[in-house]
1. Please verify whether A:A44 is modelled with pLDDT under 80 and not acidic (D, E), treating the condition exactly as stated.
2. Yes or no: B:Y302 of a type in the set (F, W, Y) and surrounded by fewer than 24 Cβ atoms within 10 Å (Cβ to Cβ)?
3. If a residue counts only when it is within 12 Å of another protein chain (Cβ to nearest Cβ) and under 23 Å from B:N688 (Cα atoms), which helices (runs of 4 or more DSSP H) contained entirely in chain A have at least 3 such residues?
4. Which condition breaks for B:I145 when tested against (1) touching a strand residue (DSSP E or B) at 6+ places or on another chain (Cβ under 7 Å); (2) β-branched (V, I, T); (3) buried (at least 23 other Cβ atoms within 10 Å of the Cβ)?
5. Which one of these does B:I666 not meet: (1) more than 14 Å from every other protein chain (Cβ to nearest Cβ); (2) surrounded by fewer than 23 Cβ atoms within 10 Å (Cβ to Cβ); (3) of a type in the set (A, V, I, L, M)?
6. Can you find even one residue in the stretch B:640-648 that is part of a loop (DSSP other than H, G, I, E, B) and touching a strand residue (DSSP E or B) at 6+ places or on another chain (Cβ under 8 Å)?
7. State whether one or more residues within the stretch A:10-31 are under 25 Å from B:K643 (Cβ atoms), basic (K, R) and without any contact (Cβ under 8 Å) to a residue 24 or more places away in the chain.
8. Specify which of the listed residues (B:E224, B:E162) is more than 35 Å from the chain's Cα centre (by Cα) and of a type in the set (D, E).
Amino acid sequence: MKTFSYTIKDEIGIHARPAGLLAKAAKEFESTITLEKDGKTAAATKLMAIMGMGVKCGDTVNVTVEGADEEKAAADMEAFFQANL
Amino acid sequence: MKDKIFGVLQRVGRSFMLPIALLPVAGLLLGIGSSFTNQTTIETYNLGGIIYEGGLLYTILDIMSQTGSAVFNNLALLFAMGVAIGMAKKEKEVAALSGAIAFLVMNTAISVLIAAKGGIEAMAENSTTSVLGITTLQMGVFGGIIVGLGVAALHNKFYKIELPQVLSFFGGTRFVPIVCTVVYLIVGIVMFYLWPIVQLGIAQLGVLVLNSGYIGTWVYGILERALIPFGLHHVFYMPFWQTELGGSMVIDGNTVMGAQNIFFAELASKSTEVFSVSATRFMSGKFPFMIFGLPAAAFAMYKAARPEKRKVVGGLLLSAALTSMLTGITEPLEFTFIFVAPLMYAVHCVLAGLSYMLMHILNVGVGMTFSGGAIDLTLFGILQGNQKTHWIWIVIIGLIYAVVYYFVFYFMITKLNLTTPGREPDDIEPKLYRRSDVDAAKSSGSAGGTDTVSALILKGLGGKENLSDVDCCATRLRITVVDVKKVTDSLLKKSGASGVLHKGNGVQVIYGPRVSVVKSNLEAFMESPQSDDLDRILQSEKGEEAAGKPQEKPVEKEPADGQKTIVMCAHQNGSVVNLEDVADDVFSQKILGDGIAIEPSVGKLFAPCDGSVDSVFDTKHAVSIVSADGVEVLLHIGIDTVKLGGKYFEAHVANGQEIKKGDLLISFDMDAIAGEGYKLTTPLIIANTDDYAAIAPAVKGKVAAGDELLKINQ
């Protein structure tokens, strides 16, 4: 299991567009990717769930990656967050 | 107290459903088979050429008749076992075995006492019968029910009993058949002395009937119906049909006794001009309510059922109604409501009695082989000619009866809120499918995972200690709780229930057909150590709640439904834009999912379907909805409008709110938004696109809100 935390820098937070991109990116991996913020969790592949978390600029999101390709998945997801959020 | 009785009756009624489901088939076999193997029928219609004993057709009909009656003759046993199964809290298979044993033991005890008294001859006429080869008292289904109820009570008390070490082999469930054997040996002895007194009383009533003319016929009809559940109707009506109590008459020089014998003698006689109503008054009354009344009652129950349940109950009710209509076997239909709604049965008895009286007054002379279905009406009424039988009155009164039964039953069911089949008391509540539907399926597949649905249910029911007994029927979880105040309906609904119903200490949580899975999961969960730490699970659950919106198509998973098309309706007035043509890659490349868009002409966003609001975005430019069918819908007003930060938008709904198609969700100032330089194209996205086979636009060009917009195939 791999984890990392990321503080959102994008001023509009994780909204429809980034959530869609995130879900799409997360689907590429075999591993289960889970987002967590203030006790709320969401599967990274679930668009509505991600949006439902209401992540805003400045919020810190904990990402958990678990599965066969967790090394690569965790690295790529971190890169995704940095690039898009 | 009343609620407790209601609860028990309801469970008894439910436990009946298993044997009842068999009755229509058995009834048709018996009805058709016996009508055409009846000697009188064969002779009257000169069918002797094709239907004769030993012939192929006769043998086939005979097999039908005999196998059908095998079911009816052993109804008491079926009920002894069925009620025991239904009423037992756990280890139901043991209750079934015990029910069968207790039934055999009770009847055998009676049998020995009958033999000791001098055999059947020493008993009152029509008071005995043979059950599974055991000569016993005629107790009908009632005999089975007292066994079933008693066995279940013993079972629930003793199935966990711990015996001293030496006897420990006989402890637990093994103790149940043992104690049932002993108890029902005694019950058998008691019944042997008690039941004949009841039977005698009933026989006395017969004399009363005979001496009171039309009113007597009415009373006869009421009693005949009312006694059916107790198996006492044979004691009551057989004397009328077969002995001089039903009259005696000289026909073609022979003295004939008994109503049915008189009718068939008249049928065989060439000199009969009109059938004697003094005999048929004990029979003809069955036709109007069996052919017309009860089927109309079935239709009323069908109409009163919740729309989504109609399909399920429709099959049961239709077959039961047909059986009653065709063969005059009414038990399948009557047993569907007698226990859940005894009052309806009482009304039915009164109406049935009235039917006998009307037939008597109108001089209708139609007899029957054994009951009043369309087959017998045709053979012994219509084909005999109206001159002889006045059968036309059966149709006239029958049609009136159909109307009366329909309205009386429908009125009673809806006004008194009776729980006839397929009827959930909260019939306004739309069925909601939530993530828990999925979880139920998921957790049944994955062994180790935390079962948050069960945790929710358990929490909603006030914890493990609060449960006295958990059971389920076709669509509901039925729980008896210790303290009703500890039950939280909202948590139960959150677990995916479409409704919660309270009756005293009984709680019914309605889940639909998947309830058996919910129940198994709940039971498994209660055994696990996790169930002691509900709050921790539910805390992490809160996050997951948002996370795990249905990922499988959660709706209409009943295989019967197969391909189902869900329709999303237009969320705005305007013109349709293909998603591919929306000026934003995230939408046009379907990154968020497939869907469709509208270029609005009015600044109002409406709900495209029934469902609940998942979340209204803080910036009020978008809203996500979970439809009643489980479709996850995202509505996003304009392109990049998140940057407006909520300016020019006004939300009219809140998170979690239930909505109906066409409800106003958000209104927005089109001119102002356009003035800031944003496009107003509003996509409707199916966020769980992967769950569906195909998603396709239903229209092109101009649409008005509420028009069919998008078709989703499962």
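The values are calculated or read from the model by the stated rules, or taken from the named source; none is laboratory data. Nothing here was measured: the structure is a model prediction, and the numbers come from that model. Cβ atoms come from the backbone with ideal geometry, glycine included; neighbour counts cover every protein chain shown.
1. On the way: modelled with pLDDT under 80: no; not acidic (D, E): yes.
The answer is no for A:A44.
2. Spelling it out, B:Y302 is indeed of a type in the set (F, W, Y) and surrounded by fewer than 24 Cβ atoms within 10 Å (Cβ to Cβ).
3. Details: elements: A:16-27, A:47-53, A:70-84.
Helices (runs of 4 or more DSSP H) meeting the threshold: A:16-27, A:47-53.
4. (1)
5. Going through the list (1) more than 14 Å from every other protein chain (Cβ to nearest Cβ); (2) surrounded by fewer than 23 Cβ atoms within 10 Å (Cβ to Cβ); (3) of a type in the set (A, V, I, L, M), B:I666 breaks only (2).
6. yes
7. Yes, because at least one residue in the stretch A:10-31 is under 25 Å from B:K643 (Cβ atoms), basic (K, R) and without any contact (Cβ under 8 Å) to a residue 24 or more places away in the chain.
8. After applying the criteria, what remains is B:E162.
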